[in-house]
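The values are calculated or read from the model by the stated rules, or taken from the named source; none is laboratory data. Being a predicted model, the structure only gives us computed values, none of them experimental. Cβ atoms come from the backbone with ideal geometry, glycine included; neighbour counts cover every protein chain shown. Keep in mind that these areas ignore ligands, DNA and RNA; they rest on the heavy atoms of the full protein, side chains included. Shrake-Rupley method; radii C 1.70, N 1.55, O 1.52, S 1.80 Å.
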Amino acid sequence: MLVTLAGGGEGLAGDQPASPGASTSEISPSADAVDAQSVLSPDSLMSREDWKRRIADARKRADQARLDWKLQAPLRAAIPPDPPEKIATQRVLNDDTLRPGDVVSTDKGLFIFRGRSGPDGETPEFVPMTPR
């Protein structure tokens, strides 16, 4: 911004003096730019009572959500988690590092991995291992 001192003096050090016919819009930022910078968000114009009311409403919603969570606990507990054997079986049957001939132990017994088959070439093929 360029400042002209009274009496036609020079502006700030190193600045060029304003020409005598220069308008204020050429010297200072436009009024629209100043207004855009000073626009406040709607929340900053809220009264203290409105702010307190919003906080109280948020607390009520949080309390209600906490209560709903507690009331749903019996329903969540009614679904038993998978037993570790089943989880381990699924993990070994979906293992990408298996090579043909590998023997895997599952909750249903021992199986030999024969390779991947199917139209996509990704379906694992296992055969039960028969005891000798």
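Quick check on packing: order 104-113, 69-78 by the mean number of other C-beta atoms within 10 Å, highest mean leading. Provide the component values of the computation, followed by the final result.
On the way: 104-113: 14.8, 69-78: 8.6.
The peptides rank, most packed first, as 104-113, 69-78.
On the full set of protein chains, 1.4 Å probe, figure out the accessible area of ARG48 and give it in Å² to the nearest 10.
Rounded to the nearest 10, that gives 150 Å².
When N is the residue count of the range 43-132, what does its C-alpha Rg come to as a fraction of 2.2 N^0.38 Å?
2.21
Pull up all non-local amide H partners of LEU110: gap of 5 or more, or a different chain, and H-to-H distance under 5 Å with H placed in the peptide plane.
Close amide H contacts, sequence-distant or interchain: MET129.
Return one quarter of the surface area of the convex hull spanned by the alpha-carbon atoms of the range 85-129, equal to its mean projected area, in nm².
Convex hull of Cα atoms, orientation-averaged projection: 2.9 nm².
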